[in-house]
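To start, the structure itself, in structure tokens.
The values are calculated or read from the model by the stated rules, or taken from the named source; none is laboratory data. Please read all numbers here as calculations on a predicted model, not as lab measurements. Note that each Cβ is placed from the backbone with ideal geometry, even for glycine, and that neighbours are counted across all protein chains shown. The accessibility values were calculated without ligands, DNA or RNA, using every heavy atom of the protein model including side chains. Shrake-Rupley method; radii C 1.70, N 1.55, O 1.52, S 1.80 Å.
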Amino acid sequence: SVLDRPKFCQCPPIDFCRGAGTSAMSKWIIEDLEEGLRFSYKLKKIFASTQSKFQQVDVCDTEPFGRVLIIDGLIQSSELDEFIYHECLVHPAMLAHPNPKRVFIGGGGEGSTAREVLRHKSVEKCVMVDIDGDVVDFCKAHLPANSEAFADPRLDLIIDDCKVQLEQATEKFDVIIMDLDDPLEGGPCYWLYCKEFYEMCKTKLNPDGILVTQASGAGVKMYKAVLSPVLNTLKQVFPAARAYKEAVYSFADEWGFVIGHSNPSTASVTPEEIDRRIAERISSSLSFLDGESYTGIFCLSKQMRLDLAAEKRILSKDNPAVFLKHMEGVSQYTKDSDATESTDPTRGYK
């Protein structure tokens with residue numbers, strides 16, 4: 001697979017890994033991104049770990065990214081750049097809508113997506129449904145940056161299957177945001193990238209409603225795996241659908257998103273109008289997104305545009321997204337260590 005099982009290990013005894021002038025080994029996390037390519041970063045400390053019914057969850061301190069949330073061995077967000085991912089996921093859809101009042105979030109257990117939604121003054125209710133209550137409680141305890149979002153009276157937090165909650169919803173939404181895990185084999189989310197699910201979502205949207213979903217890696221070697229078929233699938237459901245992307249440093253790739261518009265007129269917003277809406281609607285300034293960067297995230301390369309236009313796959317229950325393997329959690333490899341310096345050069349090394 002494109003994403004292989006990562007290895008959480010100590011670096012081998014060579015100077016550029018262990019640091020000049022010291023014989024102690026440093027604890028490193030290594031993700032095997034593909035054959036011949038590894039992504040490694042230094043682990044300073046593990047703050048907490050838990051194993052839920054669905055996934056392994058760790059909050060760690062790392063050298064390059066600061067505090068990170070790692071689920072099933074892959075970084076989900078870091079204090080260095082989580083704002084890039086979450087502003088890109090939330091605000092293009094929220095700002096494209098003429099007046100978003102009711103918002104549904106599928107997933108989003110760490111609370112950052114809800115935080116960005118609730119920055120919009122127009123929002124009267126934000127329903128957030130995450131299947132993994134253990135992860136939500138874990139993030140509440142160990143990611144204090146989102147405490148205000150979890151305490152906001154406009155947030156209705158439900159621990160359940162978001163598909164079930166949407167199917168049972170009697171009121172409609174202006175924006176639906178799917179902040180899901182990648183479609184991992186055996187995971188809780190891979191059916192939520194299928195045409196049948198998107199068709200149901202559309203029935204839960206108001207006339208100007210918008211759906212946006214994260215769509216995995218969007219770099220030159222990754223976008224065909226998930227982003228491309230997700231875009232083509234949404235094109236079968238919505239009269240207007242677009243893909244966009246932005247580099248997320250801690251993900252070691254560009255990251256993709258796909259947005260579907262019930263009303264095609266909401267798909268075209270000028271950068272000047274984006275800036276105006278940000279000033280009017282959002283209670284504090286954004287760190288990443290403005291009119292110029294909004295334009296930039298939709299600027300795809302020539303080859304990528306050609307490949308997306310030629311895509312024929314439509315994801316369905318019978319033909320779901322590419323299955324990716326679950327990864328091991330950090331704690332499995334470091335539970336006998338405090339993740340600080342070690343003098344044992346073999347422990348955990350593969």
**OP:** Would you check which residues across the stretch 26-78 are open to solvent by 30 Å² or more (accessible area, probe 1.4 Å) and in a loop (DSSP other than H, G, I, E, B) and list them?
**Re:** 35, 36, 53, 54, 63, 64
**OP:** Report yes if some residue within the stretch 260-274 is in contact (Cβ under 8 Å) with a residue 60 or more places away in the chain and among the acidic types (Asp, Glu); otherwise report no.
**Re:** no
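Residues checked against (1) of a type in the set (Gly, Ala, Ser); (2) within 27 Å of residue 26 (Cβ to Cβ); (3) outside any helix (DSSP H, G or I); (4) modelled with pLDDT of 95 or more:
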{"position": "274", "(1), (2), (3), (4)": "no, no, no, yes"}
{"position": "279", "(1), (2), (3), (4)": "yes, no, no, yes"}
{"position": "285", "(1), (2), (3), (4)": "yes, no, yes, no"}
{"position": "300", "(1), (2), (3), (4)": "no, no, yes, yes"}
{"position": "317", "(1), (2), (3), (4)": "no, no, yes, no"}
{"position": "320", "(1), (2), (3), (4)": "no, no, yes, no"}
{"position": "340", "(1), (2), (3), (4)": "no, yes, yes, no"}
**OP:** Given the conditions (1) of a type outside the set (A, V, I, L, M); (2) in contact with a Ser or Thr (Cβ under 9 Å, 6 or more places away or on another chain); (3) open to solvent by 40 Å² or more (accessible area, probe 1.4 Å), report the number of the one that residue 133 does not fulfil.
**Re:** (3)
**OP:** Considering (1) open to solvent by 40 Å² or more (accessible area, probe 1.4 Å); (2) in a strand (DSSP E or B); (3) hydrophobic (A, V, I, L, M, F, W, C), say which one residue 258 fails and leave the rest.
**Re:** (1)
Original post:
Quick one: is residue 142 in contact with a Phe, Trp or Tyr (Cβ under 7 Å, 6 or more places away or on another chain) and either modelled with pLDDT under 95 or under 19 Å from residue 205 (Cα atoms) (or both)?
Top reply: yes
Original post:
If you scan the stretch 172-193, which residues turn out to be modelled with pLDDT under 95, open to solvent by 50 Å² or more (accessible area, probe 1.4 Å) and not small (Gly, Ala, Ser)?
Top reply: 185, 191
Subject >> Sole residue being over 22 Å from residue 232 (Cα atoms), open to solvent by less than 70 Å² (accessible area, probe 1.4 Å) and not aliphatic (A, V, I, L, M), chosen from 280, 292, 273 >> reply: 273
**OP:** Could you tell me whether any residue of the stretch 203-212 is among the acidic types (Asp, Glu), open to solvent by 20 Å² or more (accessible area, probe 1.4 Å), at pLDDT 95 or above and within 26 Å of residue 78 (Cα to Cα)?
**Re:** no
